[in-house]
Amino acid sequence: MKTISMRKLIAAVGAAALLSTAAVAIAPSAYAAAPTCTKASDGIETCTGTLSNGAGYLIKVPAKFGGTFFYWNHGIRFTYPLPGVITVPKGVEELTPSNVPEAAMLRAGYGLATYDGVSTGGLRGWNTADRVEMLKELIDTVKAKYTVRKGVVYGSSQAGSIITPFVEKYPTYADSVGIMAGVTPSIGQSLQALCDAFYILSVFADPTIKGCAAMGTKGLAGHYAAAAEFGKVVALLTAWGGNLGAPGLEYPAALKGSGIPQRSALLLTGLLIGLPAKSAHMDGITTSPVIAEQSINATVAILENFGEAIATGTFGGQAVSELTGPGFYDNTKTNWFSLLDPADSGRYNLGLSGDGAIAAMLGVLSLAPRVTGDPAAVAKLKALDKSKFDTTKPVVLLSNEADRLVFAGNSALYVDKARAIYDVKLAKYEAARDSAKTSEERAAAAKLKPFFNVASIYAMTPETYTVYTAQGLPNLSGAPSPSGVGHQNFTLKQMMAWVKILAHAADTGKVGSPGYLQQYIKKAPGLNSDLDYRPADLKYIW
Amino acid sequence: MNIRASLSRKKLIGLTAVLIAGSMTLAEIPANAADPGVSATEIVLGMQLPETGAASPGYNKVDDAMRAYFDYVNSKGGIGGKKIRLEVKDDTYKAGLTISTASSLINKEKVFAFIGSIGTQTHISVIKDINRRKIPDVFVNSGFSDFYNPATYPTTFAALGTYVTEAKIMGKYLKEKYPDKKIGILYQSDDFGRNALEGFAKAGLTFEAKKTSADFIAGTQGSVGLASQLTQLKANGVEIVIIAAVSSATAVTLLTASALGYKPDKWAVISVGSDATTFQTIAGSKGIPASMSAAMLTGLISASHAPAPGDSADEYVTAFKKINDDFNKGADKRWDNNVMQGMNIGYMATGALKGTLNPNSTFSAKNNKTCQANAKKATLTRVCFIDYIETNGSKIESAAFTALQYSATTHEAFSGFWIGAYDAATVLQPVSGTRVVYTTDSGNGPVTVSNYKRPAIAADALPKN
C-alpha cells in the first residue's frame, strides 16, 4: 500500500458525494508482446513489453551483466480511484523497491525485471493467484532473451503473498527469495486485527462505525462504502489529534463520566491490534513538559501510525472481501483481555489510566455486542493462502521494527512456520541417524539432514529520536526517524545489504552463516546485528 | 562486488573461521561449551535499573553494592579462577530503555546472565525475550508473583518475597493487632498494587472501593499528587493506612497527609516502598530536614525478609557492612536497606556460581551428568547455572530469615517476613521487641511462624556452595 497523505484522505471524505460510479473497463490481451529493447549510452539495455494478459513489464540489463537477475514484485495497489485522492496506477511504477536501489543494483551487474501487477489482467487488489502466473511469465520472458545464471525473486508487502506460493509452485524459478515488509503470506491475520480496530473504535468513540462489516460489496460501490468507514476513523483521529484525546469517553454509556480519557482508549486500541508504539516521529520513550510520560509518547505514536494502518485495513480488507464475500470478519470468540500483552499493560499503565481503567475498557468491550460474520467468508479468509513454507531455497526477510502497515510480527510468523517444517525434517533425520546400523543406512540418513534456510533481518530505530518544540510539543512535521519506521522504507545501504545477501544466497543456495550476514549488516546503519531479535508477535496466528 | 576478490588472505582465513563457527546449529554445540559472557578469566553479568530519574533514589545504590561484593570475591581469587564483572545499564525506569539496554547487554556486552534487575513495570518488558533466549535472569528485584512461574519464565528467579506473600503476612498481623480499627489501603493500580491486594484478601483483609480503598495510577504521584485519595481515606475514617506503592509514592503520601492534617493511627507500608533513606532523600529534595522526615517515619510499620540494616548484632549485617566500607566505590555508599539488598544478591549469586562449578554439586536428573562433567572442567553454562539454582535453592546461602524456595514448580525467593516499625533513628525494629518471622506462600496456604535456622556466615563472608 503506498503512503497516503492523511490530508488527502480527509479531503476524500468530503468529496465522497461527488464520486463517480463509472467502472474501469479492462481489456485483457490474448498474447504476450515481444520485448522492445533499446540500449543507452551507458550500456544499459532497457526492454519493455506486455505479458499475455496485457500487463506491461520492464527489464534493464547493465553492460557488465553478471548473470544474476532480480525479479521485483510490488505490493498492493488501489483497484479503484477516489477523485483527487487516489489514482489507480497504470504501468510499471517501480523496477526495484521504491526505485531506490536501481542504479546501485545495475552498477553491481544485476539484471532487473518487473511487471505491472495492477493495471490490467485478472483481478486487481488482492490478485495474488494471477500474479504468481504473471511472475512466471516474466521470468520465462527474461530467460528467453538473456542467459540467466541465478534468479532472485523478491518483493514487498503483498508480494509476500505472491512469491511464497510462487516458489513452492515453481521451485526451479528462483535461487533465492527476498521478502521485504511482507505479509506471511496470508494477510488474513493482519486483517483480523485491523478489523478489530474499527470495531473497538465503534464501541469507544463512534457507534456508527461498521468497519469491516461494511465490506464485501464488489466494485466501486464497495470501495466507496469502505472509504466512508475509513473517513469516520479519520475524523476521529483528526479530533483526537487536535485535543490530544483529552476528553473523557462518551461511549459506551457505562464509561461515560468514568474520567477515562479518549487517548487511553486510543492507546488501548493500538496495543490490542499490535500497532507499533513507535512512529516516524515518536520514539515511545522520551518526555517533555507536554509529553509527561513514556506512555503518552507512545500514545502519540499510535495516533501517528493509526491512519495508515487503518487505511491498510480499509482498502486491503475491501480488496480481500471481493474474494471472500461479505462477512469475513467475526469477533464472537475474541477474548479482548488476552489480546492485551501483560508487558504492554505494565509498560503503558499510566497512558492507559491504570489497571482500573484497563479493566473497565476491556470489560465493556467484552460485553459489547459482537460482530457475527459469515462462516463461509471467515473460512475463506483463513484459507487465503495455502503455502506450506517448505521451500528449500534461501529466504531472507527484511522488515522495519515499527512498520505501521505490515507489522514486523509477520516476519516472525514466517520464520516460525518455516522453523516448524524444519523441525519435522530434523526429527526425521535424527530418527534415521539414530537407527542407522550400516554405513549405507548412515549415508542415507545423512542425506536427510536439513538446513534452516531462512534469515530475518530488521531495521531498527535509534533509541530515541523525538524532537520537541520549545513548548514541549513533539515536532511531527520534521525529519522522521532515519531507520526502522515506515513501510517499504529503507535506506539505500539497508536495501543493498539485503540485495547482496540475496545474491550470495542465490549463488550458494544458503542464506549464509550469521558471521557472513554480519559482514553486510554492519555496513548498513540501522540494521540489527542481533540475528536472534524477535519483534512482537501478531495478535492472531493461524 | 566480488566478495572473495575484495578480501585479503588474512581476512579470508578469519572469515572462514567465522563461517565454520556460524554454520553450526545449536544441536551441534558441544554440551560442555561455555556460553556467552564466560571466558577463562571472567564471568560477565548484566543489570538494569534506574540509575537516574525520578525512580532512582535508593535503587541506584543496589548495583554499587553488588559490584562491591563481587570486587571482594575477585580480591579473593574470584570463582574457579574467574573474576566477576558487572555491567550495568541505566533504564531510568522507562521500559523503552529497558528494552534497548537489554539488547545492548545481550549483544554488545555479551552477558552470561541478567542479575538483580530492578522494577516490575520495566522488567515485564524484557522478561519474555530474555527467557526466549534462555538467558538466566536471576535475583530479580521485584515481588510481582507472575514473574516466578517457571512454566512461563523458566530462567527467571526472584530476589524478594512476593508482594502476595508479604501482604498476607502483614495483613494477618494488622487484622489481629488492630481488630477494632478501620483499615484502608492506598495502592498503585498496576501489577504491584494488584498483587498486594490479592495478598491482603487472602489474609481476610478486604477494602471498600472509593471508601477504604484508594488507588492511583503509578507514575502520577509526583505530578497529579495523592491529595484526593488521602482526603477520601480521611473522610471515611480510615485509622490505619496501608501503602502498597513505590518509595516515591510513600514519600508523597506522608508529606501530603501532613499537609492535609491527616494523622492515621498507623501507616503500614509494603517493604519496597518503605526504605528509610529513599524516603529521606526524596523528602530532603522537597526541603524537609532529616530530623523531620525521621519523625514522620517513626512508628511506621513495614516488613522485611532479611535483617534490618541497622541491626548491628546481625552477623550478615556486620560482614556485609565491612565489605561495603572496603569495596564500595559508588557515589553514595551509605549503609542502608538498598546496600544490604545489593550485598545479599552478590552473595547469593556467588553461591550459585560456585555451586554450578562445584563438581560435587547435584543437579536435576536430566542434566546431572553433563553439569557435573562441566564443573570438573570449570566450564560454566547457562543451562547448568539455571539448573543448579532451581535444584539447590535451599542450599544457596543468604542473609534472609527463610530459605530460598526455588524448585521446578516455583521460582519465588523468600517465603518469610518479619513485621517491624521504624524507630526514631529510622531503624526497623521488631514490633514485639523480638523478631518473629512468619512464613507462607503466594497461594492459599496458612501464615505460620517460621522455624528456619539461617546458616551462619563464614568468617571470610564467602558462601560455601
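For A:Arg131, the conditions (1) outside the structural domain of A:Leu340 (by TED's automatic domain parsing); (2) farther than 18 Å from A:Leu95 by Cβ are fulfilled apart from (2). Of all residues in the stretch B:102-122, those being under 23 Å from A:Ser529 (Cα atoms), at the interface with another protein chain (Cβ under 9 Å from one of its Cβ atoms) and surrounded by 24 or more Cβ atoms within 10 Å (Cβ to Cβ) number 0.
Residues that are within 13 Å of another protein chain (Cβ to nearest Cβ) and on the phi < 0 side of the Ramachandran plot within the stretch A:512-526 comprise A:Ser513, A:Pro514, A:Gly515, A:Tyr516, A:Leu517, A:Gln518, A:Gln519, A:Tyr520, A:Ile521, A:Lys522, A:Lys523, listed in sequence order.
Tally the residues that are closer than 23 Å to B:Ala308 by Cβ, part of a loop (DSSP other than H, G, I, E, B) and touching a helix residue (DSSP H, G or I) at 6+ places or on another chain (Cβ under 6 Å), restricting the search to the stretch B:334-379. Counting residues in the stretch B:334-379 that are closer than 23 Å to B:Ala308 by Cβ, part of a loop (DSSP other than H, G, I, E, B) and touching a helix residue (DSSP H, G or I) at 6+ places or on another chain (Cβ under 6 Å) gives 2. When each of B:Phe216, B:Phe139 is tested for being within 29 Å of B:Phe112 (Cβ to Cβ), open to solvent by less than 20 Å² (accessible area, probe 1.4 Å) and either among the hydrophobic types (A, V, I, L, M, F, W, C) or out of contact with any strand residue (DSSP E or B) (no Cβ under 8 Å at 6 or more places or on another chain) (or both), the lone residue that passes is B:Phe139. Whenever a residue of the stretch A:332-361 is more than 8 Å from chain B (Cβ to nearest Cβ), its partners that are of a type in the set (Phe, Trp, Tyr) and crowded, with 24+ Cβ neighbours inside 10 Å, lying with C-beta atoms within less than 8 angstrom and at least six residues away or across chains, give the pairs A:Met361/A:Phe204.
Residues that are farther than 30 Å from A:Thr172 by Cβ and either in a helix (DSSP H, G or I) or more than 8 Å from every other protein chain (Cβ to nearest Cβ) (or both) within the stretch A:527-538 comprise A:Leu527, A:Asn528, A:Pro535, A:Ala536, A:Asp537, A:Leu538, listed in sequence order. When A:Thr461 is tested against (1) in contact (Cβ under 8 Å) with a residue 40 or more places away in the chain; (2) more than 12 Å from chain B (Cβ to nearest Cβ), exactly one condition is not met: (2). The conditions of being modelled with pLDDT of 95 or more, open to solvent by less than 40 Å² (accessible area, probe 1.4 Å) and within 24 Å of B:Asp336 (Cβ to Cβ) are not met by B:Ala249.
Got a number for residues in the stretch B:265-279 being surrounded by fewer than 24 Cβ atoms within 10 Å (Cβ to Cβ) and part of a helix (DSSP H, G or I)? Summing the residues that are surrounded by fewer than 24 Cβ atoms within 10 Å (Cβ to Cβ) and part of a helix (DSSP H, G or I) in the stretch B:265-279 gives 3.
Of the residues making up the stretch B:123-147, those that are without any contact (Cβ under 8 Å) to a residue 60 or more places away in the chain, more than 16 Å from the chain's Cα centre (by Cα) and more than 9 Å from chain A (Cβ to nearest Cβ) are B:Ile130, B:Asn131. Residues in the stretch B:148-161 that are buried (at least 24 other Cβ atoms within 10 Å of the Cβ) and over 10 Å from the mean Cα position of the chain (by Cα): B:Thr155, B:Thr156.
When the test is whether a residue is within 14 Å of chain A (Cβ to nearest Cβ), touching a residue at least 12 places away in the same chain (Cβ under 8 Å), surrounded by 21 or more Cβ atoms within 10 Å (Cβ to Cβ) and closer than 27 Å to B:Pro430 by Cβ, B:Gly193 passes it. Quick check, is A:Arg419 closer than 30 Å to A:Asn243 by Cβ, under 22 Å from the mean Cα position of the chain (by Cα) and open to solvent by 20 Å² or more (accessible area, probe 1.4 Å)? So A:Arg419 fails the test.
If you filter the stretch A:230-286 down to residues that are surrounded by fewer than 22 Cβ atoms within 10 Å (Cβ to Cβ) and among the polar types (S, T, N, Q), you find that the one that is farthest from the other protein chains (Cβ to nearest Cβ) is A:Thr238. Filtering the stretch A:466-503 to residues that are over 30 Å from A:Phe70 (Cα atoms) and touching a strand residue (DSSP E or B) at 6+ places or on another chain (Cβ under 9 Å) leaves A:Thr466, A:Val467, A:Tyr468, A:Pro474, A:Asn475. Among residues of the stretch A:477-489 being crowded, with 17+ Cβ neighbours inside 10 Å and in a loop (DSSP other than H, G, I, E, B), the one that is farthest from the other protein chains (Cβ to nearest Cβ) is A:Gln488.
Given the residues A:Asp130, A:Asp206, A:Asp175, which is the only one that is modelled with pLDDT of 95 or more, touching a Leu at 6+ places or on another chain (Cβ under 7 Å) and open to solvent by 10 Å² or more (accessible area, probe 1.4 Å)?
The conditions single out A:Asp206.
Evaluate the following for A:Ile521: is it open to solvent by less than 30 Å² (accessible area, probe 1.4 Å) and under 12 Å from A:Tyr458 (Cα atoms)? Against the criterion (open to solvent by less than 30 Å² (accessible area, probe 1.4 Å) and under 12 Å from A:Tyr458 (Cα atoms)), A:Ile521 qualifies. Residues of the stretch A:295-317 include none that is open to solvent by 10 Å² or more (accessible area, probe 1.4 Å), of a type in the set (Phe, Trp, Tyr) and under 23 Å from B:Asp191 (Cβ atoms).
Among the residues of the stretch A:339-354, not a single one is more than 26 Å from the chain's Cα centre (by Cα), outside the structural domain of A:Val167 (by TED's automatic domain parsing), closer than 14 Å to A:Ile273 by Cβ and buried (at least 21 other Cβ atoms within 10 Å of the Cβ). Being surrounded by fewer than 23 Cβ atoms within 10 Å (Cβ to Cβ) and in a loop (DSSP other than H, G, I, E, B) is the filter; apply it to the stretch A:490-511 and report the residue that is nearest to the other protein chains (Cβ to nearest Cβ). Result: A:Lys510.
The values are calculated or read from the model by the stated rules, or taken from the named source; none is laboratory data. Here the structure is a predicted model, which is why all the values come from computation and not from measurement. Note that we place each Cβ from the backbone using ideal geometry, even for glycine, and neighbour counts take in every protein chain shown. What goes into the accessible areas is simple: the full protein's heavy atoms, side chains included, and nothing from ligands, DNA or RNA. Shrake-Rupley method; radii C 1.70, N 1.55, O 1.52, S 1.80 Å.
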